[in-house]
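Derivation of every value follows stated rules applied to the coordinates shown; laboratory data play no part. No experiment lies behind these values; they were computed from the predicted model shown. Glycine also receives a Cβ, built like all others from the backbone with ideal geometry; neighbour counts cover every protein chain displayed.
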Amino acid sequence: MLHLKLETDPRWVNIAESNLEEILTDHAWCEQKAATNAITIITLNSEYTDLVTDLLLLAQEELEHFKMVHDIIKKRGYKLGRERKDSYVNELYKFMNKGGNRLQSMVDRLLFSAMIEARSCERFKLLSKEIKDPELSRFYHDLMISEAGHYTTFIGFARKYGKEIDVDKRWKELVNFESEIIKKYGKSETIHG
């Protein structure tokens, strides 16, 4: 369903488990950034009522996930550290069309968002299957399902409003671009790292 070309090496879970405070802090900030991204898309494309409606719900859900991760951090006696830079997302952002019209920009932003959700879903699935912590295994299983829904929302809106653009071709280009980027990651205790 996610159409990712390269799967994460399962040994990444061992890296994540070696510093749960760090992976949870990074994850919390990923959820905050996802909410901010949804609001940015709304702000730039407010004339699309259905997109605004669905992305408001998505942003609320992302903030709820941020709270859920923060609650786990507090429960375990950890501290929410400072926001982390997400090098993977910053590299992925380079794919986006900066000189096109508003529609092209919207479609690229939606596809970019779908890709981040797809990779997060893939990582959460791996965590849910491989992490030794039962609470986190269940937690990441539930979030995996949510991320898959977010992926579907973003790619669905790209296809709906990008009829003048070959969205499937653009998605394949992004999948190929991401497969080259992700080769450098999977070596640190961050969600995309």
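Here the label points at TYR48 and ARG159, each 7 Å from Cα along the C-beta direction, are separated by 1.4 nm in the simple model. Here the chain is assigned +1 on the Cβ of each Lys and Arg and -1 on the Cβ of each Asp and Glu. Its dipole about the Cα centre then comes out at about 380 debye.
Within the chain, the proportion of C-alpha pairs whose separation exceeds 23 Å stands at 41%. Neighbours of ILE39 by Cβ distance under 15 Å: Lys/Arg scored +1, Asp/Glu scored -1, total -3.
Taking the longest Cα principal axis of the chain as reference, the axis of helix 20-44 is set at about 20 degrees.
About its Cα centre, region 73-168 has a charge dipole of approximately 480 debye under the convention of +1 per Lys or Arg Cβ and -1 per Asp or Glu Cβ, with nothing else charged.
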